[in-house]
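Structure, as structure tokens:
Please treat every number below as a calculation from the coordinates, not as lab data. Please read all numbers here as calculations on a predicted model, not as lab measurements. No Cβ is skipped: glycine too gets one built from the backbone with ideal geometry, and neighbour counts run over all protein chains shown.
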Amino acid sequence: MAGKAENKTKATAASVESFLAGVGDEQKRADADLLIKLMKGITKQDPQMWGPSIIGFDSYHYRYDSGREGDMCALGFSPRKDKHSIYVIDGIEKYADSLEKLGPYKIGKSCLYVKRLSDLDMKVLEKILRESYAYVKKHMDVK
């Protein structure tokens, strides 16, 4: 096997504040501040940049059967141009009951895409994020 592919999403020393200052949409910045407060409250960790655009909290080590391994934030989000990407590491499907009450969203494999936090039931979002983080802490190699 030739050289292993390196994970592009790594914790960096980049400033979260500087990154957010570059987010042009005022509402998206305000939502990012609210997500930081929520995730910091859940993890008791300060935010850190992961790659160029993910704001993450805490970390865990993953290892796939293929041999690929690396580190990733245990909870995180990215204020993308159109929607916030909120990472739910243990997979989104298991939260189907909660998602019915959340408000408007789209999903990826382990990602919630939301336009505005004001459209969501924040208690439901907090419940999903708390449960996901608890799962990661219990079942994964958390640093």
To the nearest 0.05, what FRET efficiency results for GLN27 and LYS137 with a Förster distance of 35 Å applied to their C-beta separation? 0.65
Loop-only GluC sites (Glu not before Pro) in segment 1-107, please: DSSP not H, G, I, E or B, and at most 13 other Cβ atoms within 10 Å. GLU6
Which links in LYS28/LYS138; LYS10/LYS101; LYS106/LYS138 stretch past 29 Å when you go from one Cα to the other? LYS28/LYS138; LYS10/LYS101
Find how many whole Å separate the alpha carbon centroid of segment 87-143 from the alpha carbon centroid of segment 31-76. 13
List the relative contact order of segment 61-107 as a percent without decimals, with contacts defined as Cα pairs under 8 Å and 6+ residues apart. 20
Table column - 3J(HN,Hα) (Hz), segment 41-50, Karplus curve with 6.51, -1.76, 1.60, x for Gly and Pro: x, 6, 8, 6, 10, 7, x, 9, 6, 10
Mean separation of Cα pairs under 8 Å and 6+ residues apart, divided by the residue count of the chain: what relative contact order is that in percent? 22
